[in-house]
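Undergrad: Here it is: the structure, laid out below.
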């Protein structure tokens with residue numbers, strides 16, 4: 001199975017062709033505002049609530065940190081009941097992925113794709129640099145997008161890509177900023 005991982009970096013806007021054929025599309029954070037996806041990976045409940053309010057294309061299944069999923073269901077029950085949620089714990093345990101990798105949405109999306117059966121994952125918008133996301137807006141929701149965070153996330157990403165390769169899953173970043 002071939003999957004497209006659409007992350008929320010600014011390069012998503014010029015790198016992904018919506019007409020491209022994939023068996024599976026996984027959107028990370030605000031990427032689901034621009035492209036219809038089968039799954040939406042969003043770690044934090046406050047981000048999920050904000051992004052859902054801004055508009056999500058289609059009705060993707062949601063992959064979230066278990067405690068954050070529970071917060072979302074508690075604080076936004078009317079919105080949450082429109083979506084099917086799957087927790088990170090279940091998927092990370094089922095795949096044998098290290099729970100130390102359960103920190104950021106884009107790397108977690110790799111594990112989700114693998115769990116769903118992807119053998120090839122093409123990644124768009126996985127820039128891991130700068131303050132902007134795919135919306136082009138810098139505000140409180142993007143304040144965490146800094147070099148300290150990106151340095152840590154790039155390290156986890158590299159470990160996960162190597163781990164997936166050992167299991168027969170190929171990961172390719174397309175038009176992302178490589179730091």
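The values are calculated or read from the model by the stated rules, or taken from the named source; none is laboratory data. Worth saying up front: this structure is predicted, and the values here are computed from it rather than measured. FYI the Cβ positions are ideal-geometry reconstructions off the backbone, even for glycines, and counts take in every protein chain you see.
Undergrad: Any residue in the stretch 105-116 that's in contact (Cβ under 8 Å) with a residue 60 or more places away in the chain: show its pairings with residues that are buried (at least 24 other Cβ atoms within 10 Å of the Cβ) and part of a helix (DSSP H, G or I) at Cβ separation under 7 Å, as long as the two are six or more apart or on different chains.
TA: 105/29; 108/88
Undergrad: Do we have any residue at all in the stretch 97-115 that's crowded, with 22+ Cβ neighbours inside 10 Å and outside any helix (DSSP H, G or I)?
TA: Start the filter on the stretch 97-115 by keeping residues that are crowded, with 22+ Cβ neighbours inside 10 Å, which leaves 97, 105-114.
Filter once more, so that each one left must be outside any helix (DSSP H, G or I): 97.
Yes, because at least one residue in the stretch 97-115 is crowded, with 22+ Cβ neighbours inside 10 Å and outside any helix (DSSP H, G or I).
Undergrad: Further question: Quick check on the stretch 30-65: of everything there that is assigned to a helix (DSSP H, G or I) and at pLDDT 90 or above, which residue is surrounded by the most Cβ atoms within 10 Å (Cβ to Cβ)? Step through it out loud before you land on a result.
TA: Of all residues in the stretch 30-65, those assigned to a helix (DSSP H, G or I) come to 30-33, 45-54.
Next, only the ones that are at pLDDT 90 or above stay: 31-33.
Numbers: 31: 34, 32: 28, 33: 17.
Filtering first and then ranking leaves 31.
Undergrad: What are the residues in the stretch 10-29 that are touching a residue at least 60 places away in the same chain (Cβ under 8 Å), closer than 19 Å to residue 136 by Cα and not in a strand (DSSP E or B), if any?
TA: Result: 10, 11, 12, 13, 14, 15, 16, 29.
Undergrad: Now, a different point. For the stretch 72-84, how many residues meet the condition of being in a helix (DSSP H, G or I) and under 19 Å from residue 54 (Cα atoms)? Steps first, answer last, please.
TA: Going through the stretch 72-84, the residues in a helix (DSSP H, G or I) turn out to be 72-75, 77-80.
Next cut, under 19 Å from residue 54 (Cα atoms) only: 72-73, 75, 77-80.
Total meeting the criteria: 7.
Undergrad: For the stretch 117-151, enumerate the residues that are modelled with pLDDT of 90 or more and either under 18 Å from residue 41 (Cβ atoms) or not in a loop (DSSP other than H, G, I, E, B) (or both). Please lay out each step first, then the result.
TA: Step one: list which residues in the stretch 117-151 are modelled with pLDDT of 90 or more, which gives 117-126.
Of everything in the stretch 117-151, those that are modelled with pLDDT of 90 or more and either under 18 Å from residue 41 (Cβ atoms) or not in a loop (DSSP other than H, G, I, E, B) (or both) turn out to be 117, 118, 120, 121, 122, 123, 124, 125, 126.
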